[in-house]
Amino acid sequence: MTASNPTPGTGGEIYLPYSERTGAESTVYFTRDLSAEGLRKIYERVNETVDGKIAVKLHTGEQHGPNIIPRPWVKSLIENDLPNATIVETNTYYEGDRYATEQHRETLKVNGWTFCPVDIMDEEGVTTFPVEGGKWFDEIHVGKTLENYDSLFVLTHFKGHTQGGFGGSAKNIGIGCADGRIGKKEIHTTPGSDDMWDISDEEFMERMMESAKAIADHFGDNITYVNVMRNMSVSCDCEGTAAMPVVTPNVGILASRDILAIDQACVDIVYALNEEDHKDLVERIESRHGLRQLSYMKELGMGNDKYHLIDIDNNDAEITARDAAKDAVPFVEE
C-alpha cells in the first residue's frame, strides 16, 4: 500500500508543550553520567525483558565519524551485561563507506567495532514485517536476519538529522533496520521518481515511523531503548567527518521501554536548553518538520508523549526536562 500525494502539514514544525499533551504517562530514566559506567547503570533500569538471542541496534558510523557513541562504552556494556549479544546494522541507501557489505565491514574495522559479532542484516537479503494501522505501508522490508533475534536493545546517539530533523530511537530502527536497497528506498523515494530523496517533511516522518512501528511490534515486550545525548551535531552520524560542528551542550543518557516517551523526553530537554544552546538543533528539527515523528508515533499508538522523568543520580527523584537541561555541560572536542 503506497500513496503518491504528499501529506498535508500536520504540525511537524510546531512544538507541543508538555502542558498541552493528553493521555497516560510512561517512565523515562535519566543520568548525567556520560561514561561507560553511566551507560551500564541506566541500562539496568530497562533490561528486564531483554533475553534470549539479543541484537544491539546502534549507528556504527561512517569512517572516523567523530560523534558516534564511544566504542569503549559499548564494549564495557556488552562484555559485562550482554556477553552473547550481536551488534546489528544494515547497508546504506546512499553510496558511501557502508553502501556494500564489503565496504561496510572495512568501515566497522576502521571505527573499532571489532570486540563482538556484527551482523549486517541485509547481507543475504530481506524479509518483511507487517505494518499495523499504517497509511503508507502494509509491510516494510528489513534486513533478513533481524527475524533471528529474540530481543532488540536500541542504543541510540541522539542528534540532529539532515532530513529527519533529529535522530532518536525511532529513526535508529525505522531507517536503521530497513535494508539498504528496498526498505530504505520505500521510505525515502516515491515509486518511479528519479530523485532518491524526494520524500520529505511530514510524509517522510510518517513513513519512517511506520517502519519503526513494524520493528517495535515484532519484538513486543522484548525491546528497550537508551538514548545518549552527547556530541549532538545537527548532522547525523551518516555524515561522518563532514558533520557540522557540535554547538549543543552535552546532557546525559536516557532510558525507557516506551519509544515515544524517550524520544519525546530528549526533544523536550533540547527545547529546555538556553536559547543560545539549542537554537541550531531546534532550527534543524523544525525546518524539517521533525516533530511529526512524535505526533505520528502517538497517532499510531506506539507510546506516550507524557512521562515521569526519573533522576537515577539523585535517589530516583522525579524531575522535569528543564531540570535535566540546566545541568548540561558545554561540548568539548575530545
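Values in this text are rule-based calculations from the coordinates and carry no lab data. Please read all numbers here as calculations on a predicted model, not as lab measurements. Cβ: placed from backbone, ideal geometry, glycine included. Neighbour counts: every protein chain shown.
Listed by number, the DSSP H helices of the chain that run 18 Å or longer by alpha-carbon position along their axis and have mean Kyte hydropathy of at least 0.0 are 259-272. Charge dipole of segment 25-326 (Cα centre as origin; +1 on each Lys and Arg Cβ, -1 on each Asp and Glu Cβ, all else neutral): 540 debye, rounded to the nearest 20.
Using the Cα coordinates of the chain, the gyration tensor eigenvalues translate into equivalent-ellipsoid semi-axes of 26, 24, 20 Å, sorted from longest to shortest.
Put in line by how crowded their Cβ is, counting other Cβ atoms within 10 Å and starting with the fewest, ASP263, ASP150, ASP179, ASP195 read ASP195, ASP150, ASP179, ASP263. Taking other Cβ atoms within 10 Å as a rough exposure proxy, MET205, MET229, MET302, MET244 sort from fewest to most as MET244, MET302, MET229, MET205.
Pick from SER169, SER193, SER235 the residue whose mean-square fluctuation is largest in a GNM of the chain, springs joining Cα atoms under 10 Å. It is SER193. Computed over the chain with a Gaussian network model linking Cα atoms closer than 10 Å, the most mobile of ALA272, ALA317, ALA261 is ALA317. Largest GNM mean-square fluctuation among ASP122, ASP194, ASP313, using the chain with Cα springs under 10 Å: ASP194.
Ratio of Rg to Rh for segment 202-306: 0.97 [Cα atoms; Kirkwood radius as inverse mean 1/r over pairs].
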